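Enquirer: Structure below; questions to follow.
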Amino acid sequence: MNRVLINAGGGYVGQVLTEELLKKNFIVTIVDRFFYKNRKELIKHKNLTVIKNDVRKINTKIYKNKDIVIDLTNVSIAPIGNKFFDKLTWEIDYFTRKRNILIAKEYGVKKFLYPSSCSVYGFNKKNNLLDENSKLDPKSTYAKAQAELEKFAIKQGDENFSITILRLPTVFGVSKRTRFDVIINALVFDVLEKRKLTLLRDGKQRRPFVHVKDVARAFIFFINNKNKNYNNQIFNIGDEENNINLLSLANKIFKLTNIKKNID
């Protein structure tokens, strides 16, 4: 159980996850378009095979002799109400991943894991903690696609094919393909570059966060764990300590960077 295929493994989470898997002697194959960065600048390792291709078009034989598939394929941020991006989100986040699940099952893959999102919960106005059984209320096209895929995916698991879905908060931290369009990374960048932060509304809106390395560790935990109660389940990933409002977050960033606070 050490041969892993990572769809979209060249991205933000994929690069950190690949590094962690290789440290633990997994044999890893990455499929990625490398839309954002040349693959030559990324990880190199004797146990790593890199295939440059669009996950929507790959030869299904890539799934042959793979024990585990981790599917990171998604369009994560899209303009609201944009028909092109709405269509693309459904195509990639739902239909492509749905196809990947079915192909993996057909080829005898033992475990299929993928990240969903805490955005499926929508806006919680009751100020209470949400768990995996809380009612879903997805607002964006991205969140709706994630919620629909969860419904499909969880029905596909059986005693020979395990499905594990990780609902992620907003990810932060450094990767070989760091994103700067996610909140913490974006705020740190602005403080260092502009010496100033602009927050929407009053900054009291709360967001949950998780470090990219903890995401990788969570995937590896479920890969290695043989507890059958974890099969075909959905798990929120993260720590309550990282559930914070944006104004408090901004104050922390100014303090840690030792830059005079300047918040609009």
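Enquirer: Taking the stated definitions as given, is D131 under 18 Å from I234 (Cα atoms) and buried (at least 19 other Cβ atoms within 10 Å of the Cβ)?
Expert: In short, no.
Enquirer: Pull out all pairs, ordered by first then second residue, where Cβ-Cβ is under 8 Å, the residues are six or more apart or on different chains, the first lies in the stretch 33-48 and is touching a residue at least 24 places away in the same chain (Cβ under 8 Å), and the second is among the hydrophobic types (A, V, I, L, M, F, W, C) and open to solvent by 60 Å² or more (accessible area, probe 1.4 Å).
Expert: Between residues of the stretch 33-48 that are touching a residue at least 24 places away in the same chain (Cβ under 8 Å) and residues that are among the hydrophobic types (A, V, I, L, M, F, W, C) and open to solvent by 60 Å² or more (accessible area, probe 1.4 Å), the close pairs are N47/I27.
Enquirer: Here is a further query. In this structure, does I70 turn out to be under 15 Å from F219 (Cβ atoms) and in contact (Cβ under 8 Å) with a residue 24 or more places away in the chain?
Expert: Yes.
Enquirer: How many residues are at positive phi and in contact with a Gly (Cβ under 9 Å, 6 or more places away or on another chain) if we restrict to the stretch 24-50?
Expert: Result for the stretch 24-50: 1.
Enquirer: Run down K204, K213, K155, K255 and say which single residue is modelled with pLDDT of 95 or more, open to solvent by 90 Å² or more (accessible area, probe 1.4 Å) and of a type outside the set (G, A, S).
Expert: K255
Enquirer: Additional query: Which of the residues spanning the stretch 10-48 are hydroxyl-bearing (S, T, Y) and at pLDDT below 95?
Expert: Y12, Y36
Enquirer: Restricting the search to the stretch 31-68, which residues are in a loop (DSSP other than H, G, I, E, B) and open to solvent by less than 50 Å² (accessible area, probe 1.4 Å)?
Expert: Scanning the stretch 31-68 gives F34, L42, I43, N47, D54, V55, I58, K66, D67.
Enquirer: Oh, and also: Working carefully through the options R97, R177, R167, find the one that is at pLDDT below 95, surrounded by 16 or more Cβ atoms within 10 Å (Cβ to Cβ) and closer than 18 Å to I70 by Cβ.
Expert: R177
Enquirer: To continue, here is another question. Here is a list of conditions, (1) open to solvent by 10 Å² or more (accessible area, probe 1.4 Å); (2) touching a residue at least 12 places away in the same chain (Cβ under 8 Å); (3) under 18 Å from V109 (Cβ atoms); (4) of a type outside the set (D, E), and V28 meets all of them except one; can you say which number that is?
Expert: V28 satisfies every listed condition except (1).
A quick yes/no check of all residues on (1) free of Cβ contacts under 8 Å to residues at least 60 places away in the same chain; (2) hydrophobic (A, V, I, L, M, F, W, C); (3) open to solvent by less than 70 Å² (accessible area, probe 1.4 Å):
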{"position": "L136", "(1), (2), (3)": "yes, yes, yes"}
{"position": "A147", "(1), (2), (3)": "yes, yes, yes"}
{"position": "S162", "(1), (2), (3)": "no, no, yes"}
{"position": "A186", "(1), (2), (3)": "yes, yes, yes"}
{"position": "P208", "(1), (2), (3)": "no, no, yes"}
{"position": "F221", "(1), (2), (3)": "yes, yes, no"}
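Enquirer: Continuing with the same structure: Can you tell me which residue in the stretch 100-120 is farthest from V75 (Cα to Cα), limited to those that are part of a helix (DSSP H, G or I) and open to solvent by 20 Å² or more (accessible area, probe 1.4 Å)?
Expert: E106
Enquirer: Of (1) surrounded by 15 or more Cβ atoms within 10 Å (Cβ to Cβ); (2) in contact with a helix residue (DSSP H, G or I) (Cβ under 8 Å, 6 or more places away or on another chain), K196 satisfies all except one. Which?
Expert: The failed condition is (1).
The values are calculated or read from the model by the stated rules, or taken from the named source; none is laboratory data. From a predicted model like this one, the values you see are computed outputs, not experimental measurements. Cβ sites come from the backbone with ideal geometry, for glycine too, and all protein chains shown count toward neighbours. Please note that ligands, DNA and RNA were not included when accessible areas were found on the heavy atoms of the full protein model with its side chains. Shrake-Rupley method; radii C 1.70, N 1.55, O 1.52, S 1.80 Å.
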